[in-house]
1. Could you tell me whether the range A:219-226 includes any residue that is without any contact (Cβ under 8 Å) to a residue 40 or more places away in the chain and crowded, with 24+ Cβ neighbours inside 10 Å?
2. Taking the options A:143, A:101, A:151, name whichever one is in a loop (DSSP other than H, G, I, E, B) and more than 14 Å from chain B (Cβ to nearest Cβ).
3. Residue check, residue A:604 against (1) more than 29 Å from residue A:432 (Cβ to Cβ); (2) surrounded by fewer than 20 Cβ atoms within 10 Å (Cβ to Cβ); (3) free of Cβ contacts under 8 Å to residues at least 40 places away in the same chain, all met but one. Which one?
4. Among the numbered criteria (1) farther than 20 Å from residue B:342 by Cβ; (2) touching a helix residue (DSSP H, G or I) at 6+ places or on another chain (Cβ under 7 Å), which one does residue B:142 miss?
5. Out of the range A:498-520, which residues are part of a helix (DSSP H, G or I), touching a helix residue (DSSP H, G or I) at 6+ places or on another chain (Cβ under 6 Å) and more than 13 Å from residue A:349 (Cα to Cα)?
6. Out of everything in the range B:245-259 that is touching a helix residue (DSSP H, G or I) at 6+ places or on another chain (Cβ under 9 Å) and farther than 20 Å from residue B:316 by Cα, what residue ends up being modelled with the highest pLDDT?
7. If I filter the range A:42-61 for residues that are in a loop (DSSP other than H, G, I, E, B), more than 8 Å from every other protein chain (Cβ to nearest Cβ), free of Cβ contacts under 8 Å to residues at least 12 places away in the same chain and surrounded by fewer than 16 Cβ atoms within 10 Å (Cβ to Cβ), do I get at least one hit?
8. Which of (1) surrounded by fewer than 23 Cβ atoms within 10 Å (Cβ to Cβ); (2) within 10 Å of chain A (Cβ to nearest Cβ) does residue B:289 not meet, given it meets every other one?
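The values are calculated or read from the model by the stated rules, or taken from the named source; none is laboratory data. Here the structure is a predicted model, which is why all the values come from computation and not from measurement. Because the Cβ atoms are built from the backbone with ideal geometry, glycine has one as well, and the counts that use them run over all protein chains shown.
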């Protein structure tokens, strides 16, 4: 009997649980928990429990595919790579390097992300490299860098259970980050106070001390009001503000008009509840703020994040254990993909491309001249593709035709491209539009590292050989780069880490060897550095923490006569993002096999929508038919749906209006109508 | 059959394990680089990574007889009639299984040999020798003295080891166990009176671990239907329907059957572990769910293991290993809840 337990890191959310893949006679049979690893502690959520099931799924793409006469034909790697490299070279020659773009992936390893951005910058010659963090936590990176100097979760996941107060806003941790939901539950079981701000009565709201059910898109009014109350009741931490921060007076002026009565009008939350919440947050120390995409996916995403930073600094809840500002990252390696600079304006470790000294450092390391011009975000690459100035895209493990807002707009952009290459493990709506599909290996078929939400770099270990003729994505990038005349010669991913660590100060001390037993949290500056459990102790990364004066702004689209509802979107525990993997997993898909929209019973009654009945939800961008889940858990005049279903893609409806700073789309609030199907 | 008694020195265990591993499939508790201990196949070279001073392994022996997922038969032609059985039942020796887990196998034997005899499971059990390692210390997380499944077994084992100072006193409990001792006779000596006495003392001492509840009382409370509804509400509000407590359970046996096609083209009918904490477990076409609510799901598990199993098999469906308490993301504590039921 050949049975191996291969310790690895989960490929789903950003919590980064370790578990064992059970491999019997070369095939995946299941998953087992690990008790002595830092995040999992013997637990696995339902998606992790089922993560093995898609690896050997019949739908896996097994050979390179080239589109000929509108149909995909299986090809050899030689032919596919030959076509890809000759097209890239030709387009670069005709239109310049900036007519090309690379979409790297938060689903892939650090090593792949490092190579993808190096490929864009050193081989193609453009900074047009970005990834899907743009559509989830780009406001976190932009906002927290402005406030604190570092765009990551300030504290560690395991500290959450020891907080005395947890303030969760726009975060449905039990659904999206179950092992963080567990820590919230543990804190509560130990007597912590829990404040949940969410337009829906989510699971955490059920056992929270306070549930603030504000309208989508009114977070700034809410947060400014809480600060207004804290200051007017003198509950703020004067010595922290004086010694550790700047800009307090500007912020003070901005929040002064957000009285509880004023905020009640905007948020729809009774003022008494706001006062109670402000007092609890300010007095129960340490207090930990957790937030997710309910904060970021707005046209004011970056301002939302900075408002949260304001609140934490106001009460001195930064730089100590179990406190802080804790964005929960959604994808297994979205932190790492950002760290590795799959971003258009920085080199690995958030070193700016327009800083001449940094440019020189990377020119020396990579041996080529590099562009000092920041590149385009994925949002802007689509806009430019539609205009015709982006000619070719190389997408690795991304499906914007399902994941980006207003997918009609995405389709128009992709149709305009001269050449689209997609690395994928399964056929997806985006891959269907490609000229060439290169089959990648899944997380179970390669070795590398993922960096989780609390900045912990952990090993992903190969459990079985790549399926069919698929290849690990890092190898595919090496093949393309080398064929284009810039040899990427790496014998394994450990060697890639050894190249990037000295160039990336926050990863300076990290190597595969050092993280065999346990991950390391960056900053980890040198080989002797133990890693960093929490950030901003004694001093912020930017020196002084900066308060920002922020005014509330309504979403780009607000309800009106034709579209009287606010539509918000999100995720469920049994599915993951666009469902490429979870919809193919028996036990997961069985739980929620069909799309639904949540609507308040009073609204449903008025519209004649029955429990479980069919209805049509429409926005200015399109309409979808689905079943109604009538629940008092959702506020009146608000609709909510998930975006997991290809047959009813919620992002057909969402608004691609975006945050001007971070360029994220407004997934969480747009105007919609709903009517019963009779 | 009368128990025969032998003795083996602890120093001779590596030699014995090496000898087993060279001839048969040996499965034993293996420690790894992060300190996790799992029951896994051991090659002759890995005998040094076998650990025998553990509370319990993370996994239970269940998966060696009823794996997480497995192919039942392979479709070989165009018709559904063209199918080959593909399962494998190898001879295996499981060494160092805790009494609660051996008792769990005894429970599964009853399940899989009921009205329908599960050929896969039973063949694997026939070909296995399970060597049980009794517990000499009380542990916080487990509660075999409450479920009658330890710290030492009176029956239901092939071989049971009783740790006594520098040696193990070895009891055989089945023909398979006796045959095993014969196969590896050179490692075992007949027990002397002093060995027997020491072993009996060790067993008596371990049995003093106080029970945490009375399973008879729990049975009475559940079967009377008078447990306060708040308990089920609490479990339902905490349960995230992840299935972890059920997959890790050494006695949970539910599975679902599906047809599978692998990327290499192999088409099989498979089964995989399923769990009654999933809504899809009982939901019917059209959406009706006879269990109805989270509270109903919670109650079903307690009733099944602590009441119905006693009626059906005469034994508890819980063997007191405590694994489920260590696996819950909602902090549902099975043991504490059983105590709440007892006191309700």
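1. No, every residue in the range A:219-226 fails to be without any contact (Cβ under 8 Å) to a residue 40 or more places away in the chain and crowded, with 24+ Cβ neighbours inside 10 Å.
2. Details: A:143 fails: in a loop (DSSP other than H, G, I, E, B); A:101 fails: in a loop (DSSP other than H, G, I, E, B).
It is A:151.
3. Tallying (1) more than 29 Å from residue A:432 (Cβ to Cβ); (2) surrounded by fewer than 20 Cβ atoms within 10 Å (Cβ to Cβ); (3) free of Cβ contacts under 8 Å to residues at least 40 places away in the same chain, residue A:604 fails exactly one: (2).
4. (1)
5. Those that are part of a helix (DSSP H, G or I), touching a helix residue (DSSP H, G or I) at 6+ places or on another chain (Cβ under 6 Å) and more than 13 Å from residue A:349 (Cα to Cα): none in the range A:498-520.
6. The residue in question is B:256.
7. We begin by selecting, within the range A:42-61, every residue in a loop (DSSP other than H, G, I, E, B); these are A:42-45, A:50, A:55-59, A:61.
Okay, now just the ones that are also more than 8 Å from every other protein chain (Cβ to nearest Cβ), so A:50, A:55, A:59, A:61.
Narrowing further to those that are free of Cβ contacts under 8 Å to residues at least 12 places away in the same chain: none.
Checked the range A:42-61: no residue is in a loop (DSSP other than H, G, I, E, B), more than 8 Å from every other protein chain (Cβ to nearest Cβ), free of Cβ contacts under 8 Å to residues at least 12 places away in the same chain and surrounded by fewer than 16 Cβ atoms within 10 Å (Cβ to Cβ).
8. (2)
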